[in-house]
1. Of the conditions (1) surrounded by fewer than 17 Cβ atoms within 10 Å (Cβ to Cβ); (2) at pLDDT 95 or above, LYS312 clears all except one; give me its number.
2. I'd like the full set of residues that are at pLDDT 95 or above and more than 22 Å from ALA118 (Cα to Cα), limited to the range 257-280.
3. Working only within the range 199-238, note down all residues that are of a type in the set (Asp, Glu) and surrounded by fewer than 24 Cβ atoms within 10 Å (Cβ to Cβ).
4. Please indicate, with yes or no, whether at least one residue in the range 114-135 is closer than 22 Å to ARG50 by Cα, among the small types (Gly, Ala, Ser) and open to solvent by 60 Å² or more (accessible area, probe 1.4 Å).
5. So is GLY61 at pLDDT below 95 and closer than 27 Å to TYR328 by Cα or not?
6. For the range 261-360, which helices (runs of 4 or more DSSP H) that fit wholly inside it have 1 or more residues that are in contact (Cβ under 8 Å) with a residue 24 or more places away in the chain and within 14 Å of the chain's Cα centre (by Cα)?
7. Could you check THR168 against (1) polar (S, T, N, Q); (2) in contact with a strand residue (DSSP E or B) (Cβ under 9 Å, 6 or more places away or on another chain); (3) crowded, with 24+ Cβ neighbours inside 10 Å and say which number it fails?
8. Among the residues of the range 258-267 satisfying the criterion of being within 19 Å of ILE38 (Cβ to Cβ) and touching a helix residue (DSSP H, G or I) at 6+ places or on another chain (Cβ under 6 Å), which is surrounded by the fewest Cβ atoms within 10 Å (Cβ to Cβ)?
Amino acid sequence: MLYWLTLLSDGGDFFNLFRYITFRAGGAFLTALTFGFIFGKPLIAVLRRRQGKGQPIRDDGPEGHFVKAGTPTMGGLLIVGALLTSTLLWARLDNPFVWLVLFVTMSFALIGFVDDYAKVSKQNTKGTSSKVRLLCGFLIAAIAGFWAAQYHPEALQYKLALPVFKDTLINMGYVFVPFAVIVIVGAANAVNLTDGLDGLAIMPVMIAAGTLGVIAYAVGRVDFTEYLDVHYVPGTGEILIFTAGIFGGGLGFLWYNAPPAAVFMGDTGSLALGGALGAIAVATKHELVLAIVGGLFVVEALSVIIQVLYFKRTGKRVFLMAPIHHHYEKKGWAEPQIVIRFWIISLILAMVGLATLKVR
């Protein structure tokens, strides 16, 4: 919205700063961070008053989690609110990719909110039907995949770009849309599975979002794409402002989610943020790079899949408990130890993901 202040500029004054994506990204970060600090305590107070017993704790979970009973959930509202406010304020609202990522984020946030509400009101961990959640997620992601393809350059439409090998494009045709569905819904649910310890999910999300934001900025500049050997997708640079909002809102939330957490992200936040990462990857033609940058989320999701399939076939378990962060809890690792080590892994993977930009 503030971009329109450039209409008041003569090219050499303060208003000219709003032309620059980097300046507006900084503004989005500070806006989202401030939003989190201002509304964090009031929101937690409202959630605590409305939810009473807070988020229900799994009976079969690690024993150390029982002390968390009574902690309110739906803290993702703080992140989503900060992200929405900062993006609408600082991004160009005539950019289709901005509305694409906002559409996916808010839609998955709504799915998560309904699920969180069902869990809290019924005081059980099941929430709404998983089939209904998946069906809604598939529909939203399909719309997003088709939407993104319409704004990709003709040479990239419905094609899969490979990291490092710029000259190799796989023509997927309309199969690209189901592929985009897998990327977006998979990312949303992988982040959701990762959100099981205080502070565990939000920092890797911030790291992945920051990495994808840099990629989006580079992909949106023709001079950068020529130097970095990546495909040019006009307009994606504005996504950097969106990711700056995730980073600022995430820090604001982490202030209250750091151990011991005063509030949980809930499905409201985890599904929204995971969906956002998937949507950014689809928009920037970096779907496979997301698997690297978000490798921690991939491992968490795979640990659940492996555990379920192996148990159904043999009646035995591969891990002491899935997702894998609970496995390490069962092995005696302290919660902060798991969280910090997983953060380090996320940072390493982000560096690997960024390395795909420069292949000369």
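The values are calculated or read from the model by the stated rules, or taken from the named source; none is laboratory data. Please read all numbers here as calculations on a predicted model, not as lab measurements. Counting neighbours? That spans all protein chains shown, and the Cβs are built from the backbone with ideal geometry, glycine included. Ligands, DNA and RNA are excluded from the accessible area calculation, which covers all protein heavy atoms including side chains. Shrake-Rupley method; radii C 1.70, N 1.55, O 1.52, S 1.80 Å.
1. So LYS312 meets the others, but not (2).
2. Selection gives ALA276, LEU277, GLY278, ALA279, ILE280.
3. ASP223, GLU226, ASP229
4. Taking the range 114-135 and keeping what is closer than 22 Å to ARG50 by Cα, we get 114-128.
Narrowing the set further to residues that are among the small types (Gly, Ala, Ser) leaves 118, 121, 127.
Pick out the ones that are also open to solvent by 60 Å² or more (accessible area, probe 1.4 Å) and you get 121.
Yes, that holds for at least one residue.
5. Working: at pLDDT below 95: yes; closer than 27 Å to TYR328 by Cα: yes.
Considered against the rule, which asks whether it is at pLDDT below 95 and closer than 27 Å to TYR328 by Cα, GLY61 comes out as yes.
6. Values: elements: 266-283, 287-293, 295-314, 324-330, 335-355.
Here the list reads 266-283, 287-293, 295-314, 335-355.
7. Every condition holds for THR168 apart from (3).
8. First, the residues of the range 258-267 that are within 19 Å of ILE38 (Cβ to Cβ): 258, 262-263, 265.
Next, from what is left, pick out any that are touching a helix residue (DSSP H, G or I) at 6+ places or on another chain (Cβ under 6 Å): 262-263, 265.
On the way: ALA262: 17, VAL263: 26, MET265: 33.
Going through the qualifying residues, I end up with ALA262.
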